1. Only residues that are in a strand (DSSP E or B) and out of contact with any helix residue (DSSP H, G or I) (no Cβ under 6 Å at 6 or more places or on another chain): list them for the range 76-93, please.
2. Of the numbered conditions (1) assigned by TED's automatic domain parsing to the domain that holds residue 166; (2) over 15 Å from residue 178 (Cα atoms); (3) surrounded by 12 or more Cβ atoms within 10 Å (Cβ to Cβ), residue 109 satisfies every one except a single condition; which is it?
3. Report, ordered by the first and then the second residue, all pairs with beta carbons closer than 7 Å, sequence separation of six or more or different chains, a first member in the range 95-111 that is under 13 Å from residue 81 (Cβ atoms), and a second member that is assigned to a loop (DSSP other than H, G, I, E, B).
4. Residue check: is residue 89 farther than 25 Å from residue 168 by Cβ and free of Cβ contacts under 8 Å to residues at least 24 places away in the same chain?
5. Of all residues being assigned to a helix (DSSP H, G or I) and surrounded by 15 or more Cβ atoms within 10 Å (Cβ to Cβ) in the range 145-180, which is nearest to the chain's Cα centre (by Cα)? Just the residue, please.
6. Does residue 117 count as surrounded by 15 or more Cβ atoms within 10 Å (Cβ to Cβ), at positive phi and either touching a helix residue (DSSP H, G or I) at 6+ places or on another chain (Cβ under 8 Å) or touching a residue at least 40 places away in the same chain (Cβ under 8 Å) (or both)?
7. Among the listed residues 77, 55, 13, which satisfies the condition of being in the same structural domain as residue 117 (by TED's automatic domain parsing) and either at pLDDT below 70 or under 33 Å from the mean Cα position of the chain (by Cα) (or both)?
């Protein structure tokens, strides 16, 4: 218990001895009182931040997709792939589908994703394949960003180089390019 024996004549000033610290009032010693003070401070802080703005704190989930899992274009892709000799598998999800195809003799495969009826992505899978590319375009670089400009070669790129055309992990292509490769 704190004693007031070391109090100075100056009034409320205390010496630096640990037992001479000002006592904590009884009402502040209750844990619930401290929690109430913290809650009041948080509520005031939220009111200050939200004042004049509409803040959505409760919202529902987006409406479920009610359309067909396989769109007409996905069905066309499946028909074209099966006609070309691919083994096709369609995986349906909540809001779309993924179509995978494999041609064993050609050693190629593809994957196409459709989300909510639209083509989202496609990839073409085959063994590693490279080509030597000759690029005679002049070199031109943006002076500010030091990046290559459209229609020109970038600095450091030679006129003859290797270009990756295919890999087992897949090359990202459009669905239109995918249909062209399937029909080859």
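The values are calculated or read from the model by the stated rules, or taken from the named source; none is laboratory data. The structure presented is a predicted model; accordingly, all values stated were derived computationally and were not measured. So basically every Cβ, Gly included, is an ideal-geometry build from the backbone, and we count neighbours across all protein chains shown.
1. Our first condition is that a residue be in a strand (DSSP E or B); within the range 76-93, this holds for 87-92.
Matches in the range 76-93: 87, 89, 90, 91, 92.
2. (2)
3. Cβ pairs passing all conditions: 101/86; 102/86; 103/85; 103/86; 108/126; 111/170.
4. Criteria not met by residue 89.
5. For the range 145-180, the residue satisfying everything is 175.
6. Yes; evaluated as a whole, the condition is true for this residue.
7. When all the criteria are applied, what remains is 77.
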